[in-house]
Amino acid sequence: MEVVCTVCPRGCNISVISEGEGYAVQGNGCMRGKDYALRELTMPMRNFSLALSVAGGDTDVVAVRTSAPVRRECIAEIALAARALTLSAPIKAGDVIISKVDGDSDLIAASTVNLKEGT
Amino acid sequence: MINCESRSVVVIGGGPAGLSAAIAAFDAGAKDVLVLERDTRLGGILNQCIHNGFGLTLFKSELTGPEYAARLIDMASERGIECRLNTTVVSVAPDKTITCVSEEGVFSITADAIVLTCGCRERPRGAIGIAGARCAGVYTAGTAQKLVNIMGYMAGRECVILGSGDIGLIMARRMTLQGAKVRAVLEIMPRASGLMRNVVQCLNDYDIPLMTSHTVVDVLSQGGRVSGVVAAKVDNDMRPIAGSEFLLPCDTLLLSVGLIPETELAREAGIGLHRVTGGAEVDDTLMSNIDGIFCAGNMLHVHDLADYACLESEVAGKRAAEYAINGGVTRGAFTSVECGDGIRYAVPMKILSSGSGSITFTARPSAEYALGRICIEADGEEIYSKREAGIRPATMLRYVLNSAQSDKLRSASRICIKVRE
Ligand code: SF4
């Protein structure tokens, strides 16, 4: 099987061939690519981010992201739940928006939204 | 004019390149560095790039754009570097007088050295001449990115994206994650023009079709808003093939049809531009043809990684500080860098024979090679070579030469960079 590694921008083309009990991995520029390729065949994991609306802040949007990769199949569900939230300022980068969205990964703020001046 | 101040190094543009240049200039000994930024905040385009994957080289971690910007902003403020926001530079004169406009009015600043880090802009719809309705719902991918990620407006519900540049791919994923449907990404070339990792994690992950050798031939509208686009297959000369047209119903068309260096100030200052990059032409200190004006980041050439734009800007910032501290440099003879087989352009374009220190090359390949060797030659002698797998025009190449290799280039009368198979 062919896998394009997304761990770093080099985007190596990695081939995974089953060999007896295990797998042989070829074309990876580094060891991280081997782990990635094998995980890609069993359970693909991804980080992702969202833009969520915030009330009462100096900006109207907060960027949020997963703190660690989540199962790819869970992304749509997490995104749906997050978009349904009503958030209000202040929010600091690093604040947990939803804890444990999948495994130990939290959805955390990636930007800071301060209270709007005069409120 | 209400006053005239003077500074050692002035950086124009407070995005990632500008902040990196300012930090490097400060660290190289220029203590009164000033950053001028026209927006209400620092960080430039990173603020709207909320996807992750930034900073693997520079910060050894995977950050979103706003987090990456925050790190650079913190580094600048730790050093007490003054950054003036809401300040638009209207002109830069060859004598390094900068004219600005802000709430305080019009004022000028004289600088010993200037670093231009003005970034780039998107190729607008007009530049590619799509036929059809002039209705609402046609955006450049970057405008849609700002609408969604900064202003909190959904740019559309059903999208078609024309062009598979990185921003187009990233916006395909963004619109999907925010709850829109992306029908397809159309690319006129036979292959994606963005990074492979973005094709995988932005399109394949979300089952968004990438239709290569396709373009938009008509935009349809209903009630003043896009109601669909007519797509067609193109032949080898990129001309639409009659009879291959089909309708893609949508309410939004996003254009990701290329980025061009922002060179308005540079041109006015008399800075020579490069015919391929569209950005400034620079020597190995990243100085333009105008003494004391340095250029870096996307205004020099469009980068695919923020990390590389920052590393490049560090060189410009450091050299600008040296220039300011030494009261100028005398530039003697130089040798132009020739681009041989497989290389579309390389930065720097000229190597000064009088310079010192290590030279960094960045180059954009012109073709795909499954396996190739990048060679840098001085008078026909190979002084640097590196094997590369999967050379593609979408992926910029970057090489840091050591001092000995760099000195060999400085004494050469012919310099060439090429790909050997
Ligand atoms: S295998 Fe290593 S070098 Fe290649 S893309 Fe993956 S992380 Fe990058």
Mean accessible area per residue over chain A (1.4 angstrom probe, all protein chains present, square angstrom) is 54 Å²
Per residue of B:193-199, count partner chain C-beta atoms within 10 Å of its C-beta, then hand back the mean as an integer. 4
In square nanometres, what is one fourth of the surface area of the convex hull spanned by the alpha carbons of the stretch B:1-156? 11.8 nm²
Between 0 and 90°, nearest 10: helix B:166-177 axis offset from chain B longest Cα axis: 50 degrees
Taking protein heavy atoms only, a 1.4 Å probe, and rounding to whole percent, the accessible area of the stretch A:2-42 owed to carbon and sulfur comes out at 47 percent
Where Rh denotes the Kirkwood radius from the mean inverse Cα pair distance, what is Rg over Rh for the stretch B:53-128? 1.07
I'm checking a number: the convex hull volume of the Cα atoms of chain B, normalised per residue, in Å³. What is it? 147 Å³
With a Förster radius of 51 Å, plug the Cβ-Cβ distance of B:E268 and A:D58 into 1/(1 + (r/R0)^6) and report the FRET value to the nearest 0.05. 0.90
Looking only at the stretch B:193-231, which residues have a backbone nitrogen under 15 Å from a spot 7 Å from the Cα of B:M238 in the C-beta direction? B:193-194, B:212-217
I'd like the residues of the stretch B:15-61 whose 1.4 Å-probe accessible area shrinks by no less than 30 Å² going from the isolated chain to the full set of protein chains. B:I50, B:N52, B:L56
Just to check I understand the Karplus step: with θ = phi - 60° and J = 6.51 cos²θ - 1.76 cosθ + 1.60, what whole-Hz values come out for the stretch B:114-124, glycine and proline as x? 10, 10, 8, 9, 8, x, 9, 10, 7, 5, x
Debye equation applied to the C-alpha atoms of the protein assembly as shown, log10 I(q)/I(0) at 0.05, 0.08, 0.09, 0.13 Å⁻¹: -0.21, -0.56, -0.71, -1.44
Peptide A:1-12: average number of partner chain Cβ atoms within 10 Å per residue? 6
For B:S102 and B:S77, FRET efficiency with R0 = 25 Å and r from the beta-carbon atoms, rounded to 0.05? 0.80
Once label points are set 7 Å from the Cα along Cα→Cβ at both B:S61 and B:A370, what is their separation, rounded to one decimal in nm? 4.1 nm
Spin-label model distance (nm) - A:M31 vs B:E382, 7 Å beyond Cα toward Cβ: 3.1 nm
Interchain or long-range residues, amide H under 5 Å from A:L87's placed H: A:A55
Quick one: if the Förster radius is 25 Å, what FRET efficiency do B:D218 and B:A136 give, using the C-beta to C-beta distance and rounding to 0.05? 0.90
So what's the angle, to the nearest 10 degrees on a 0 to 90 scale, between helix B:65-78 and the longest Cα principal axis of chain B? 20 degrees
So what are the radius of gyration and Dmax for the Cα set of the stretch B:124-257, in Å? 13.6, 41
Rounded to the nearest 100 Å², what is the buried accessible area between B and A, both sides summed, probe 1.4 Å? 2200 Å²
With a 1.4 Å probe and every protein chain left in place, work out the accessible area per residue of the stretch B:124-257 in Å², rounded to a whole number. 40 Å²
Local electrostatic count, B:S313, Cβ distance below 12 Å [Lys/Arg +1, Asp/Glu -1]: -1
Rounded to the nearest 5, the percent of antiparallel DSSP beta bridges in the stretch B:124-257 equals 45 percent
Measure nothing fancy, just the Cα-based angle from helix A:31-42's long axis to the longest principal axis of chain A, in degrees from 0 to 90, nearest 10. 90 degrees
Shielded by partner chains, the stretch A:44-71 residues - at least 20 Å² of accessible area, 1.4 Å probe, vs chain alone: A:R46, A:N47, A:F48, A:S49, A:L50, A:A51, A:T59, A:D60, A:V61, A:A63, A:R65
Can you pull the percent of the stretch B:124-257's accessible area that's carbon plus sulfur, 1.4 Å probe, other chains left in place? 53 percent
Principal semi-axes in Å for the stretch B:211-290 [√(5λ), Cα gyration tensor, largest first]: 40, 17, 9
Binning every alpha carbon pair distance of chain A at 5 Å from zero, what are the percents per bin? 2, 11, 18, 15, 13, 12, 10, 8, 5, 3, 2, 1, 0, 0
Within chain A, which is the longest segment that contains none of the GluC sites (Glu not before Pro) sitting in a DSSP loop with at most 11 other Cβ atoms within 10 Å? A:22-116
Two-decimal Rg to Rh for the stretch A:2-42 - Kirkwood Rh, Cα set: 0.94
Please compute the per residue accessible area over the stretch B:17-99 with all protein chains in place, 1.4 Å probe, rounded to a whole number of Å². 38 Å²
Solvent-free Debye scattering, log10 I(q)/I(0), computed from the Cα coordinates of the stretch A:46-104 at q = 0.12, 0.16, 0.22 Å⁻¹: -0.27, -0.48, -0.87
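The values are calculated or read from the model by the stated rules, or taken from the named source; none is laboratory data. Being a predicted model, the structure only gives us computed values, none of them experimental. With ideal geometry, Cβ positions are generated from the backbone for all residues, glycine too; neighbour counts draw on all protein chains shown. Heads up: the accessible areas ignore ligands, DNA and RNA and are worked out on the full protein's heavy atoms, side chains in. Shrake-Rupley method; radii C 1.70, N 1.55, O 1.52, S 1.80 Å.
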